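Trainee: To start, I am sharing the structure in question, which I have written as structure tokens.
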Amino acid sequence: MPLDELTKKRRTRAAHRGSATKIGTKSKECLVNASETPKTDKNVMKQLRDTLSEKLEALKLLDNEIVEVLSNSEAEDAEQLLEKEIQETDDTRAELQKIILDVNDALFEALPSLPQGQSTPSNLSMNATPKQTVRAKLPKLEV
């Protein structure tokens, strides 16, 4: 039974890895072509980055399930299989994280630079007083 479960999880992970590889390839192409069409590629890169992040999370879950099944296995070569799985997992995660970081860097570089006195919207919200109370006068209701 555990072997069938392991095989199913590996197949599912392989499908997710294949999809993540295709998305990673598209991301790399967008990074190369980013200077030609910055506005379009910026939106596409955001979408690809988010999709890659989702794939990375799905792969993490599947990898953890596979490692758990192998950890509970009583096969003679379970330790070697476990070591191999963990190494493959680490390599795949590192590759996907590198692509995500490259896309983030490209998106950060594509941001227009603001004059020194101006803050970004995120800085404005962090500098706002958190306990500011606004009172509005409402009309009296007649029943």
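Trainee: Of the residues L101, L82, which is under 21 Å from K8 (Cβ atoms) and hydrophobic (A, V, I, L, M, F, W, C)? I'd like the intermediate steps shown before the answer.
Mentor: Values: L101 fails: under 21 Å from K8 (Cβ atoms).
Answer to the selection: L82.
Trainee: Can you tell me which residue among K98, K55, K42 is modelled with pLDDT of 75 or more, outside any loop (DSSP other than H, G, I, E, B) and touching a His at 6+ places or on another chain (Cβ under 9 Å)? Show your work before the answer.
Mentor: Numbers: K98 fails: touching a His at 6+ places or on another chain (Cβ under 9 Å); K42 fails: touching a His at 6+ places or on another chain (Cβ under 9 Å).
Of K98, K55, K42, the one residue that is modelled with pLDDT of 75 or more, outside any loop (DSSP other than H, G, I, E, B) and touching a His at 6+ places or on another chain (Cβ under 9 Å) is K55.
Trainee: I would also like to ask the following. Among the residues of segment 64-84, how many are exposed (fewer than 14 other Cβ atoms within 10 Å of the Cβ) and not acidic (D, E)? Give the derivation first.
Mentor: Here is the first cut: in segment 64-84, the residues exposed (fewer than 14 other Cβ atoms within 10 Å of the Cβ) are 64, 68, 71-72, 74-77, 79-80, 83-84.
Subsequent filtering for residues that are not acidic (D, E) retains 64, 71-72, 75, 80, 84.
The total comes to 6.
Trainee: Return yes when D105 is surrounded by fewer than 13 Cβ atoms within 10 Å (Cβ to Cβ) and at pLDDT below 90 and no when it is not.
Mentor: Values: surrounded by fewer than 13 Cβ atoms within 10 Å (Cβ to Cβ): yes; at pLDDT below 90: yes.
It is true that D105 is surrounded by fewer than 13 Cβ atoms within 10 Å (Cβ to Cβ) and at pLDDT below 90.
Trainee: So Q87 clears everything in (1) modelled with pLDDT under 85; (2) surrounded by fewer than 11 Cβ atoms within 10 Å (Cβ to Cβ) except one condition, right? Which one?
Mentor: Only one criterion in (1) modelled with pLDDT under 85; (2) surrounded by fewer than 11 Cβ atoms within 10 Å (Cβ to Cβ) is unmet by Q87, namely (1).
Trainee: Filter segment 90-99 for residues that are within 12 Å of the chain's Cα centre (by Cα) and buried (at least 18 other Cβ atoms within 10 Å of the Cβ) and give the result.
Mentor: Listed by number, the residues that qualify are L96, I99.
Trainee: Still on this model: If you check L81, L62, which single one turns out to be assigned to a helix (DSSP H, G or I), modelled with pLDDT under 90 and in contact with a Ser or Thr (Cβ under 8 Å, 6 or more places away or on another chain)? Give the steps one after another, and end with the answer.
Mentor: Values: L62 fails: modelled with pLDDT under 90.
After applying the criteria, what remains is L81.
The values are calculated or read from the model by the stated rules, or taken from the named source; none is laboratory data. Since we're looking at a predicted model, the values are computed, not measured. Every residue, glycine among them, receives a Cβ derived from its backbone with ideal geometry; neighbour counts consider all protein chains shown.
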